[in-house]
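These notes are about the structure you will find just below.
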Amino acid sequence: MISLTEAQIFAAATSFMLVSVRLFGVFLAAPFFGFRAFPMQIRVSLTLFLALLLFPNLTEQAKSFALAPPTFFAVALELFIGLFIGFVIRVGMMAIELAAEVLSVQTGLSFATSYVRDPNIASGLVGEFLGLTAIALMFAMNLHLVMLDFVMASFKTLPFGTWPGGWNLQEVVHLLSFSFGLGMVLALPTIVVYTLFYIIQAILARTSPQFNLFAVGFAITVPLAFVVLMIILPDLPAFVQRALEPAYGTVRMGLGQ
């Protein structure tokens with residue numbers, strides 16, 4: 001008959017809880033699993049499944065809590081670590097989202113969202129397509145597995161109740177500025193093509209005032225969007241990889257890996 005002491009049961013329960021909280025924070029914020037189409041039930045089930053695999057090897061860390069239950073601060077800290085990992089990766093994805101927003105606005109397909117904002121749509125139709133394509137490329141390049149590998153290894157390098165010393169505000173600001181600059185580079189084809197189109201449209205408006213520019217303009221901006229997508233899509237995998245490299249470097253540095 002297997003006998004378990006009170007300390008062993010408490011350490012196992014504490015380890016399972018803290019592992020689950022950190023993993024759940026990642027699944028809430030990371031762009032791989034944090035989009036609305038990914039059901040919450042699957043996120044919770046995946047969190048509990050991974051926690052069941054990991055917590056037996058981490059009971060020694062949980063013994064540091066002795067027989068006193070972990071405080072709300074310790075639980076909140078584990079949740080914030082997971083949320084911050086997902087947030088950093090989402091900041092890296094901001095480059096793609098910025099380019100998608102510029103393309104969506106320039107095409108005119110998100111014209112209605114300027115007056116009535118739909119919370120279920122992040123940018124417009126074309127921008128949403130570009131964002132979903134970027135997420136599909138991230139899965140195709142197994143970047144979600146790399147992130148999960150970082151998180152699982154973090155339980156060894158970053159004990160429970162410890163905030164990563166390598167994460168600070170300066171690193172986040174640097175990552176934001178890099179993502180914004182890279183997003184503007186990806187949006188340059190959109191800006192150039194539509195600026196030339198609007199210049200031509202302005203010249204036509206001056207030479208032929210009776211010309212209905214709204215009827216012609218919207219009929220041309222939509223096909224131009226496909227031209228811009230043909231320019232952007234071949235280089236999108238390289239942009240996704242380049243956008244996420246600094247984000248993964250920041251996560252790795254904070255987790256001590």
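The values are calculated or read from the model by the stated rules, or taken from the named source; none is laboratory data. Note that the coordinates shown come from a computational prediction; the quantities given were computed from them, not determined experimentally. Ideal geometry is used to build each Cβ from the backbone, glycine not excepted, and the neighbour counts take in all protein chains shown.
Here are a few things to note about the model shown:
- Checking residue 72 against (1) at pLDDT 85 or above; (2) among the hydrophobic types (A, V, I, L, M, F, W, C); (3) surrounded by fewer than 22 Cβ atoms within 10 Å (Cβ to Cβ), the condition it does not meet: (1)
- Applying the condition of being under 14 Å from residue 105 (Cβ atoms) and surrounded by 16 or more Cβ atoms within 10 Å (Cβ to Cβ) to the range 218-234 and asking which residue is modelled with the lowest pLDDT yields 221.
- Qualifying residues in the range 13-60 (those that are modelled with pLDDT of 80 or more and among the polar types (S, T, N, Q)) - the one nearest to residue 74 (Cα to Cα): 20
- Looking only at the range 185-210, and only at residues there that are loosely packed, with under 12 Cβ neighbours inside 10 Å and hydrophobic (A, V, I, L, M, F, W, C), the one that is modelled with the lowest pLDDT: 202
- The residue list 143, 169, 176 contains one member that is surrounded by 14 or more Cβ atoms within 10 Å (Cβ to Cβ) and either under 28 Å from the mean Cα position of the chain (by Cα) or of a type in the set (Val, Ile, Thr) (or both), which is 143.
- Residues that are exposed (fewer than 15 other Cβ atoms within 10 Å of the Cβ) and outside any helix (DSSP H, G or I) within the range 146-161 comprise just one, 159.
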